[in-house]
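Written below as structure tokens is the structure these notes are about.
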2 protein chains.
Amino acid sequence: MVTIGDVAREAGVSRSTASYALSGKRSISEPVRLRVAEVAKSLQYTPNAGARSLATSQTKVIGLLAQFLEDEFAPAMLQYILGVSNTARELGYDVLLVTEPDGTAALRRISDSRMIDGIVLLNVAEDDARLEVLRAAQQPGALVGLPKDTRGVDVFDLDFEEAGREMVEHLHRLGHRELILASQPEHVVERGGAYVWRLQNAAAAAAAARGITLHTAFAPASQPEVGTALHELLDTYPDATALLVNNEAAAAALPSVLNARGISSPRDLSVLGRYSDEFARTFSLPFSSIESAPDRLGSMAVRQLVRRIEGEIGPGDPFVTRFVAPEIVDRGSTAPPR
Amino acid sequence: MVTIGDVAREAGVSRSTASYALSGKRSISEPVRLRVAEVAKSLQYTPNAGARSLATSQTKVIGLLAQFLEDEFAPAMLQYILGVSNTARELGYDVLLVTEPDGTAALRRISDSRMIDGIVLLNVAEDDARLEVLRAAQQPGALVGLPKDTRGVDVFDLDFEEAGREMVEHLHRLGHRELILASQPEHVVERGGAYVWRLQNAAAAAAAARGITLHTAFAPASQPEVGTALHELLDTYPDATALLVNNEAAAAALPSVLNARGISSPRDLSVLGRYSDEFARTFSLPFSSIESAPDRLGSMAVRQLVRRIEGEIGPGDPFVTRFVAPEIVDRGSTAPPR
DNA sequence: CTCCGGTGTCGAACCGGTTCGATGGTGGTG
DNA sequence: CACCACCATCGAACCGGTTCGACACCGGAG
């Protein structure tokens with residue numbers, strides 16, 4: 001293992017000079033600087049991360065807490081993770097991925113032991129137990145998902161209320177007067193996934209304001225139950241002309257459901273989902289959807305987190321809660337009703 | 001931040017005694033041991049990871065290199081990651097997830113800087129550039145995926161050859177005499193995904209040995225092209241009575257393809273895939289399949305890696321290449337031909 | 001009563017970086 | 001020619017753990 005001492009000796013300078021030459025934190029004569037750099041390169045010197053973190057109290061690592069909960073659609077999670085990971089690397093940080101079920105214990109462990117400079121929480125619930133631990137931690141935190149209490153953390157989420165409104169208004173403009181909204185399972189809501197309500201309530205309010213009918217239902221997140229549930233919904237409300245889907249599993253199951261019923265979109269039924277474009281492409285979902293922008297949200301969270309870590313904004317600066325505006329990606333599955 | 005010095009002072013002992021009391025590496029009188037433990041707890045002492053790694057040359061972190069390549073089915077990757085992450089935690093390790101495209105640079109970075117004790121490589125290609133770096137690294141490495149040259153690393157993979165044989169033999173036993181095998185895109189093979197060939201060649205050999213016909217084809221990994229390709233395959237070989245699918249995207253697209261053709265499995269066509277049970281459940285795939293066991297493979301790789309890290313087996317002990325035996329999960333999609 | 005061995009504790013050194021204060025040498029100015 | 005300022009460099013201390021060798025104290029054996 002080659003240390004900065006080896007580099008210094010080889011270059012004929014002191015350790016401190018070698019350090020300054022490499023970091024540029026003090027002025028060093030050009031010839032010395034070049035020689036040190038050259039030696040460092042030829043010896044393949046790489047600073048020891050542990051030693052550096054001990055000396056600087058910086059690890060250049062971000063903790064990423066992802067929960068894989070029952071009834072949550074796992075493949076969607078991957079896109080948030082990639083958004084975080086790729087942006088972190090771009091900003092010079094590595095990512096410590098923690099998936100253990102007990103998020104509070106995990107958070108305490110990596111925070112107290114100073115393994116990380118900051119923390120990103122995915123899958124944040126309305127009343128998330130991890131938040132208390134996060135607020136007590138020394139490191140700043142950023143969330144993807146909106147909790148009830150946003151004090152002390154930066155928050156990023158899709159604007160689910162605007163999404164709900166937008167979905168209803170879009171179909172209303174096309175002339176639809178009776179809609180169905182298939183949400184995540186009630187289980188998800190009970191666990192604190194308030195985004196389900198946020199979208200649903202806003203959609204209901206928008207429908208009421210326009211005097212149109214919106215039937216809402218929780219649909220299972222697992223196959224094949226969700227297919228059955230969709231069939232039942234369509235049977236129950238035969239006059240509905242459009243289906244809103246806030247449930248990835250339901251969206252994935254929908255093509256075969258429509259097929260089985262011998263109907264097609266948008267001819268017989270307008271369909272509007274809420275998922276990412278990546279998701280749509282992977283599973284060939286031909287439905288227009290509100291873009292859930294997981295990569296963008298993960299990326300935003302990391303950028304803000306790094307700004308706090310690096311002191312560009314301090315603990316004095318106000319914490320932000322920023323919503324990504326929903327945008328409809330048109331895949332041609334909505335049209336005026338027959 | 002509370003250090004071991006604080007604990008020692010509070011307990012009225014020296015730093016070294018406090019350290020020994022907590023680690024148990026030397027005999028310490030019971031009362032002192034208890035007092036130190038108590039103080040540590042009341043002060044919420046947690047060792048500084050950087051300092052500890054500097055002193056012990058151990059980080060208790062495993063590096064996980066995952067590549068997200070074009071034409072590779074991303075959701076499948078998540079299951080390997082979870083297998084690694086969960087097992088690592090179980091064994092007391094955290095996971096540094098690296099997704100950057102340039103795997104060799106990433107590997108060098110985290111290895112040389114001593115951020116990690118060992119390395120797991122996912123998505124290993126026949127001739128993987130990362131292997132050279134890994135062999136030169138100080139830390140042991142474990143692979144998921146079989147490269148040409150396995151020297152110096154422990155390797156875990158599904159036995160794709162046996163899988164190919166097994167698929168053909170299973171259908172032969174049922175009486176099928178003309179089969180189609182839809183593989184991953186040729187692109188994946190060219191990049192070094194030899195597992196495609198391993199399965200395909202073994203399947204072809206088994207078919208030849210039994211004197212039955214096997215049509216093979218590369219199918220796209222993206223939607224909706226893969227659906228089109230499947231239609232073409234079924235059109236081209238109208239007498240084939242069974243379809244083997246070594247391509248997740250194709251498997252996901254198959255239900256709507258069958259639906260569109262008005263045929264069902266296993267009545268009109270026996271179908272046998274190669275993917276994980278988790279995958280099947282998530283996407284409601286009603287097809288029997290060879291279990292690809294991503295969680296198990298990830299878990300095995302980590303266990304072996306930790307054994308090497310902790311010196312249970314040394315660099316002298318032989319490196320293993322271990323194959324998981326393919327097992328068919330029967331979901332009722334294979335039957336004798338009509 | 002002395003000597004010996006073992007047990008429990010302590011001080012100091014070390015891991016590999018960064019950073020502060022001090023110092024020697026240089027050039028420019030009065 | 002003396003003085004000052006500044007630049008480049010060095011030595012030492014520090015971050016927070018672990019671990020080695022030394023040593024004090026104790027009980028038991030001779």
All positions within segment A:217-253 that are within 16 Å of A:LEU181 (Cβ to Cβ), among the polar types (S, T, N, Q) and buried (at least 18 other Cβ atoms within 10 Å of the Cβ): A:THR241, A:ASN246, A:ASN247
Out of the residues in segment B:207-233 meeting the condition of being touching a strand residue (DSSP E or B) at 6+ places or on another chain (Cβ under 9 Å), closer than 20 Å to B:TYR275 by Cβ and in a helix (DSSP H, G or I), tell me which one is nearest to the other protein chains (Cβ to nearest Cβ). B:VAL226
Given the residues B:ALA21, B:ALA49, B:ALA8, which is the only one that is within 14 Å of chain A (Cβ to nearest Cβ) and among the small types (Gly, Ala, Ser)? B:ALA49
Can you tell me which residue is nearest to B:GLY92 (Cα to Cα) among those in segment B:120-138 that are within 14 Å of chain A (Cβ to nearest Cβ) and in contact with a Ser or Thr (Cβ under 6 Å, 6 or more places away or on another chain)? B:ALA137
I'd like the residue in segment B:35-84 that is modelled with pLDDT under 95 and of a type in the set (A, V, I, L, M, F, W, C) and, out of all such residues, is nearest to DNA strand C (Cβ to nearest atom). B:PHE68
All-but-one check, B:ASP117 against (1) within 16 Å of DNA strand C (Cβ to nearest atom); (2) closer than 29 Å to B:LYS25 by Cα; (3) surrounded by fewer than 24 Cβ atoms within 10 Å (Cβ to Cβ); (4) within 11 Å of chain A (Cβ to nearest Cβ), failing number (4)
Return a yes/no flag: does segment B:60-76 have any residue that is more than 8 Å from chain A (Cβ to nearest Cβ), more than 17 Å from the chain's Cα centre (by Cα), closer than 22 Å to B:ARG109 by Cβ and not β-branched (Val, Ile, Thr). yes
Are any residues in segment B:9-37 free of Cβ contacts under 8 Å to residues at least 12 places away in the same chain and either farther than 24 Å from A:ARG109 by Cβ or more than 8 Å from DNA strand D (Cβ to nearest atom) (or both), and if so, which ones? B:ARG9, B:SER14, B:SER16, B:GLY24, B:ARG26, B:SER27, B:ILE28, B:SER29, B:GLU30, B:PRO31, B:LEU34
Looking only at segment A:13-43, and only at residues there that are basic (Lys, Arg) and assigned to a loop (DSSP other than H, G, I, E, B), the one that is nearest to B:SER113 (Cα to Cα): A:LYS25
Which of the residues that make up segment B:165-192 are within 21 Å of B:ASP128 (Cα to Cα) and either surrounded by fewer than 23 Cβ atoms within 10 Å (Cβ to Cβ) or charged (D, E, K, R) (or both)? B:GLU186, B:HIS187, B:VAL188, B:VAL189, B:GLU190, B:ARG191, B:GLY192
Which residues, counting only those in segment B:45-67, are within 11 Å of DNA strand D (Cβ to nearest atom) and either more than 29 Å from B:MET300 (Cα to Cα) or of a type in the set (A, V, I, L, M) (or both)? B:TYR45, B:THR46, B:PRO47, B:ASN48, B:ALA49, B:ALA51, B:LEU54, B:ALA55
Conditions (1) among the charged types (D, E, K, R); (2) under 30 Å from A:THR17 (Cβ atoms); (3) surrounded by fewer than 20 Cβ atoms within 10 Å (Cβ to Cβ); (4) within 21 Å of the chain's Cα centre (by Cα) -> A:ASP102 fails only (2)
In this structure, does B:ARG130 turn out to be farther than 25 Å from A:LEU65 by Cβ and buried (at least 22 other Cβ atoms within 10 Å of the Cβ)? yes
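The values are calculated or read from the model by the stated rules, or taken from the named source; none is laboratory data. Just so it is clear, the model here is predicted, and its values are computed rather than measured. Virtual Cβ from ideal backbone geometry, glycine too; neighbours counted across all protein chains shown.
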